[in-house]
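Please see the structure below; I have some questions.
The values are calculated or read from the model by the stated rules, or taken from the named source; none is laboratory data. Quick caveat: nothing in here was measured; it's all calculated off a predicted structure. Glycine also receives a Cβ, built like all others from the backbone with ideal geometry; neighbour counts cover every protein chain displayed.
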Amino acid sequence: MPTATLIVLSDPSGGEESLGRLFNALAAAHDFEQRGQPVQIVFQGTGTRWPALLNQSDHPAHALYAAVQHRVAGASLGCATVFGAKDDVADAEVRFLSDNAVPGTPGLSSIAGYAAGGPVITF
């Protein structure tokens, strides 16, 4: 069965819209899982800033994140580096992804690779 990849791109500083996108990504992961369908979550772009916040027990999406955290494939290393989230991602114990060798970066996650394995949905 193909694996759905849910890519979180929204920036936590983007207000309710960004929180809504994140919440829907996590809820979709939960839905896939409840249906027995393979799913993974990837943090990309400014979305690499989310893991540190989601580990905080008072964050409104913390409980949902905790329920699907085992579905997190990782966070883009190049994006976390560019957007100042590298240390926070490491502290949140989220794996770095760098299989897309983009020139001038330490590598990003491969969206083409995800697309080859199943549907890709961005939030």
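Exactly one of these conditions fails for ASP31: (1) in a helix (DSSP H, G or I); (2) in contact with a Pro (Cβ under 8 Å, 6 or more places away or on another chain). Give me its number.
Looking at each condition in turn, ASP31 falls short on (2).
Of the numbered conditions (1) within 11 Å of the chain's Cα centre (by Cα); (2) of a type in the set (Gly, Ala, Ser); (3) within 12 Å of GLN40 (Cβ to Cβ), GLY117 fails exactly one; give the number of that condition.
(1)
May I pose another question? Pull out all pairs, ordered by first then second residue, where Cβ-Cβ is under 9 Å, the residues are six or more apart or on different chains, the first lies in the range 42-54 and is farther than 18 Å from SER98 by Cβ and touching a residue at least 40 places away in the same chain (Cβ under 8 Å), and the second is buried (at least 21 other Cβ atoms within 10 Å of the Cβ) and small (Gly, Ala, Ser).
TRP50/SER10; TRP50/ALA75; TRP50/ALA85; ALA52/ALA85
Regarding the range 84-93, can at least one residue be identified that is surrounded by fewer than 17 Cβ atoms within 10 Å (Cβ to Cβ) and either touching an Asp or Glu at 6+ places or on another chain (Cβ under 8 Å) or closer than 24 Å to GLU17 by Cβ (or both)?
Yes, because at least one residue in the range 84-93 is surrounded by fewer than 17 Cβ atoms within 10 Å (Cβ to Cβ) and either touching an Asp or Glu at 6+ places or on another chain (Cβ under 8 Å) or closer than 24 Å to GLU17 by Cβ (or both).
Moving to a separate point now. Inspect all residues belonging to the range 55-72 and state whether any of them is farther than 19 Å from PRO2 by Cα, modelled with pLDDT of 95 or more, touching a Gly at 6+ places or on another chain (Cβ under 6 Å) and part of a helix (DSSP H, G or I).
No: the range 55-72 contains no residue that is farther than 19 Å from PRO2 by Cα, modelled with pLDDT of 95 or more, touching a Gly at 6+ places or on another chain (Cβ under 6 Å) and part of a helix (DSSP H, G or I).
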